[in-house]
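Visitor: If you scroll down you'll find the structure; I have some questions about it.
The values are calculated or read from the model by the stated rules, or taken from the named source; none is laboratory data. Everything numeric in this text was worked out from a predicted model, so none of it was measured. Positions of Cβ are backbone-derived with ideal geometry, glycine not excepted, and every protein chain shown enters the neighbour counts.
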Amino acid sequence: MFKLFVPFFIQEIILVLITLMSNLLLNLWHCCPAVTTGIAFASQIFLFFQNIEGGICFFASLFIAQHYGRGAIDDVQRDYYVLLKISLGIGFIFFVLVLAIPEQLLFFANNAESRMYAAEYLRWFSPMFLIIGPLMISYVMMKNTHLERICLFSSLGSLALVLIVEASSIFSLDPSHYNIVLKLAASSMVISRAVELVFVIIFIQKKCVVKFKLKELFKPDLTRFKSIAYYGTPIVIGKISWGVGVLFITVFTSLNLSGSITTAHSLMINYDNIVSCMSNAIAAVVGVLIGRELGANRIQKAKDHAADISRFLFYMGIVEMAFFILFLPIVMFTTAPDTLKEAGGFLWKVFVIRLIIMIPRSYNASYLNGFFSSGGDTTYIMLVEGICAWVTIVPLAYIGLHLNWDPLLIYALIQCEEIFKFPVNIWRYKQKKWAHNITQKSGIVFNE
């Protein structure tokens, strides 16, 4: 588990840093707050997209890990091509929408100037929606076929490319050239991830047990698509439901809460995402290890592994809390003084609230994205994601705003989603009804 965790964890951090690079460099450059806020608004659209693609990756790992554990390489190959088509299809929809109606997608942005910058950034950023899906699916396939170190090196190269291109271009400009900065920030991100995708495809073609063949993307595989859709559709529905709920909350907070608390939340959420890489990495490790055991029909062994891993989740949450505390000085150092002044006294209060939910969130990420996803318990994932979003946090946010509750209390209630999920997920885990072998007994079998 540790051999898998280290490269998974480092890659998760790298991917988050790549996403945050534009905001980080612009803050250090002391860019206009409207520009950095605009990029933050644009990032909300991209995070919603990544949430859907992340759901696809969860059931991608479910199929690929179980088929690989059973040794059915031809099934892994068929899974890979169907999943590429699905991720490309979703990416194409977002690509068209971002180019055609960026302002309408940014309806939640309450500042006209920031909305204008966000729309401009999205237009230049739009090719990313066609790149990320295939890249994420390729990484899932590689991680499940013993190529996790190559994934790490590829992401590291992408981070270096983004850093070099953005830093050398942005810092050479006058601070008044906001439009040029936006284009450079978006373009450098697109170029680096495109290079990363090309490298990954070439490596898959040369070294992986699964080969990339462009013509296979145009061949229909209805039987495999139905099988994947049966287990995958509930996860995607759950992720969309949860993502829309979070977007509604973003609308509520940006339109009704004070700018100070919204700014403080934006500052803390970026570094909160870095800390959560640990639980995301554990979930990915669980998906690989337990998925292989289930695919090989070693159900009890998979449950034993789950019990061993579950014992460490509490300590992992404690470590995440410690890292989050250590990141606070970095937040202060890398944020422009005007932005810190705007956040005011809410920064510390938001920090404490997010610190409290750290441990339950660690459990939830490992259970939902690790144990239950690798065991094919996708209907439960759909229900818990949708119910927690629309029966708890969205109504609480609306009621609190309607009754003019204290803004900090509303914010705290919104963050309670992880606390609501926690006991339900513990109960589901202890039932031990989540572990299933979903594979069909066909395919070329080989010994690892």
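Visitor: Anything in the range 187-239 that is part of a helix (DSSP H, G or I) and among the charged types (D, E, K, R)? List them, or say none.
Guide: Arg193, Glu196, Lys206, Lys207, Lys215, Glu216, Arg224, Lys226, Lys239
Visitor: Suppose the filter is of a type outside the set (S, T, N, Q), over 27 Å from Ala42 (Cβ atoms) and in contact with a Leu (Cβ under 8 Å, 6 or more places away or on another chain); does Tyr68 pass it?
Guide: no
The rows are residues; the columns are (1) under 14 Å from Phe125 (Cβ atoms); (2) of a type outside the set (D, E, K, R).
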{"site": "Ala40", "(1), (2)": "yes, yes"}
{"site": "Leu47", "(1), (2)": "yes, yes"}
{"site": "Asn51", "(1), (2)": "no, yes"}
{"site": "Ala60", "(1), (2)": "no, yes"}
{"site": "Arg70", "(1), (2)": "no, no"}
{"site": "Leu83", "(1), (2)": "no, yes"}
{"site": "Ile93", "(1), (2)": "no, yes"}
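Visitor: Related question: Spot the failing condition for Gly89; the list is (1) of a type outside the set (Asp, Glu); (2) closer than 30 Å to Lys143 by Cα; (3) touching a residue at least 24 places away in the same chain (Cβ under 8 Å), and only one is missed.
Guide: Tallying (1) of a type outside the set (Asp, Glu); (2) closer than 30 Å to Lys143 by Cα; (3) touching a residue at least 24 places away in the same chain (Cβ under 8 Å), Gly89 fails exactly one: (3).
Visitor: Residue by residue through the range 10-49, note down the ones that are more than 30 Å from Val285 (Cβ to Cβ), surrounded by fewer than 21 Cβ atoms within 10 Å (Cβ to Cβ) and either at pLDDT 75 or above or β-branched (Val, Ile, Thr) (or both).
Guide: Across the range 10-49, there are no qualifying residues.
Visitor: Taking into account only those residues within the range 394-416 that are β-branched (Val, Ile, Thr), more than 20 Å from the chain's Cα centre (by Cα) and buried (at least 18 other Cβ atoms within 10 Å of the Cβ), which is nearest to Ala229 (Cα to Cα)?
Guide: That would be Val394.
Visitor: Related question: Which of (1) out of contact with any Leu (no Cβ under 9 Å at 6 or more places or on another chain); (2) hydrophobic (A, V, I, L, M, F, W, C); (3) not in a helix (DSSP H, G or I) does Trp405 not meet, given it meets every other one?
Guide: (1)
Visitor: Any idea how many residues of the range 81-117 are assigned to a helix (DSSP H, G or I) and under 22 Å from Ile240 (Cα atoms)? Reasoning before the result, please.
Guide: First, the residues of the range 81-117 that are assigned to a helix (DSSP H, G or I): 81-100, 102-105, 112-117.
Now drop any that are not under 22 Å from Ile240 (Cα atoms), which leaves 82-100, 102-105.
Residues flagged as assigned to a helix (DSSP H, G or I) and under 22 Å from Ile240 (Cα atoms) within the range 81-117 amount to 23.
Results for (1) at pLDDT below 80; (2) of a type in the set (A, V, I, L, M), shown as yes or no for each residue.
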site: Ile299; (1), (2): yes, yes
site: Ala302; (1), (2): no, yes
site: Asp308; (1), (2): no, no
site: Arg311; (1), (2): no, no
site: Met316; (1), (2): no, yes
site: Ala322; (1), (2): no, yes
site: Val331; (1), (2): yes, yes
site: Ala336; (1), (2): yes, yes
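Visitor: Moving to a separate point now. Out of the residues in the range 104-144 that are modelled with pLDDT of 85 or more and basic (Lys, Arg), state the one that is surrounded by the fewest Cβ atoms within 10 Å (Cβ to Cβ).
Guide: Restricting to residues being modelled with pLDDT of 85 or more and basic (Lys, Arg), the top hit is Arg123.
Listed here are the residues, each with its yes/no results for (1) surrounded by fewer than 19 Cβ atoms within 10 Å (Cβ to Cβ); (2) farther than 19 Å from Ile393 by Cβ; (3) modelled with pLDDT of 85 or more.
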residue: Ala229; (1), (2), (3): yes, yes, yes
residue: Trp242; (1), (2), (3): no, no, no
residue: Thr253; (1), (2), (3): no, no, no
residue: Thr263; (1), (2), (3): no, yes, no
residue: Ile282; (1), (2), (3): no, yes, yes
residue: Val286; (1), (2), (3): no, yes, yes
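Visitor: Being within 22 Å of the chain's Cα centre (by Cα), at pLDDT 80 or above and surrounded by fewer than 19 Cβ atoms within 10 Å (Cβ to Cβ) is true for just one of Leu368, Leu355. Which residue is that?
Guide: Leu355 is the lone residue from the list that is within 22 Å of the chain's Cα centre (by Cα), at pLDDT 80 or above and surrounded by fewer than 19 Cβ atoms within 10 Å (Cβ to Cβ).
Visitor: Follow-up. Looking at the range 306-323, which of its residues are surrounded by 14 or more Cβ atoms within 10 Å (Cβ to Cβ) and either touching a residue at least 60 places away in the same chain (Cβ under 8 Å) or among the acidic types (Asp, Glu) (or both)?
Guide: Selection gives Ala306, Ile309, Ser310, Glu320.
Visitor: Yes or no: the range 385-399 includes at least one residue that is under 17 Å from Asn280 (Cα atoms) and in contact (Cβ under 8 Å) with a residue 12 or more places away in the chain.
Guide: Checking the range 385-399: at least one residue is under 17 Å from Asn280 (Cα atoms) and in contact (Cβ under 8 Å) with a residue 12 or more places away in the chain.
Visitor: Scan (1) at pLDDT 85 or above; (2) buried (at least 22 other Cβ atoms within 10 Å of the Cβ) for the single condition Asp74 breaks and write down its number.
Guide: (2)
Visitor: Restricting attention to the range 150-176, which residues are at pLDDT below 85 and either in contact with a Pro (Cβ under 6 Å, 6 or more places away or on another chain) or acidic (Asp, Glu) (or both)?
Guide: Glu166, Asp174
Visitor: Do you know which of the residues in the range 177-212 that are β-branched (Val, Ile, Thr) and within 15 Å of Val162 (Cβ to Cβ) is modelled with the highest pLDDT?
Guide: Result: Val195.
Visitor: Just name the residue that is nearest to Gly295 (Cα to Cα) out of those in the range 353-367 that are free of Cβ contacts under 8 Å to residues at least 60 places away in the same chain and touching a helix residue (DSSP H, G or I) at 6+ places or on another chain (Cβ under 7 Å).
Guide: Ile359
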